[in-house]
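Values quoted throughout were computed directly from the atomic coordinates according to the rules given, and no laboratory measurement underlies them. Please read these numbers as outputs of a predicted model, since none were measured by experiment. Reconstructed Cβ throughout: ideal geometry from the backbone, glycine too, with neighbour counts over all protein chains shown.
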Amino acid sequence: MKREPHRRQVARTVLVVGEGDAEVLFLQHLKALYVQRGSGVVVTIKNARGKGAAHVVDFASRQSRNAAYDLVVALLDTDSDWNDKTRTAARKTRVHVAPCEPCLEALLLNIHHGAVKGRSSAQLKQDFEARFGGAAHDPAVLRHFNRLALDAALQRVAVLASLLRALTFAEWPVG
């Protein structure tokens, strides 16, 4: 009796580039919580090591040339180098941008209903440290961002919803 050959499903691949250490730490946390082994999605996370939004988009574009990724995403702060030229470069190189306005701490505070409107990056970073007992690049603060808190914020925080869709389905929301 012949056995049918096991057909392997081709995994969809996602490259996610974080602007710096804090973004990469957060992305790794999301990946650990939401991307299951054998889910059909393989996520690679890379660190652009700062230097502004234009550098992050350029870094993501260059990294995506090294392998055929189905989706390329950049998680970056909008407080430095985020302008029309950078947006155009991202669009041309098919890098989907998940902008943290003005910084990652604003996104994280927003997940926990923190006030972010009209505040500078410095103020937001200070508020974040006071509220969570450490900087965003400190792994200990991630305990405040468990699956329950993240799921509750999905309807309110569009950037988070876009990131999770990219990580779990290798798709970027249209529009």
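Taking a straight line from the alpha carbon of K117, these lysines sit under 22 Å away, with near neighbours fewer than eight places off in the same chain left out: K125. Could you run the Karplus curve 6.51 cos²θ - 1.76 cosθ + 1.60 with θ = phi - 60° over region 135-141 and give me ³J(HN,Hα) per residue in whole Hz, x for Gly and Pro? Taking θ as phi minus 60°, the curve returns 6, 5, 8, 8, x, 5, 6 Hz for region 135-141. Near V17, the amide H atoms lying under 5 Å from its own belong to K46, V73, A74, L75; only residues 5 or more places off or on other chains count, and H is placed 1.01 Å from N. A crude spin-label estimate for the pair E101 and A140, with each label 7 Å from Cα along the Cβ direction, gives 3.4 nm. Set the Cα radius of gyration of region 58-133 against 2.2 N^0.38 Å, with N its number of residues, and you get 1.30. For the chain, the alpha carbon positions stretch 69, 37, 28 Å along the principal axes, listed from largest to smallest.
To the nearest 0.05, what FRET efficiency results for E4 and K117 with a Förster distance of 45 Å applied to their C-beta separation? Calculated value: 0.15. Multiplying the residue separation of T93 and R12 by 0.36 nm and removing their Cα-Cα distance gives an extension gain of 27.3 nm. Taking trypsin sites (Lys or Arg not before Pro) across region 6-90, the ones in a DSSP loop with at most 12 further Cβ atoms lying within 10 angstrom of their Cβ are R7, R8, R37, R65.
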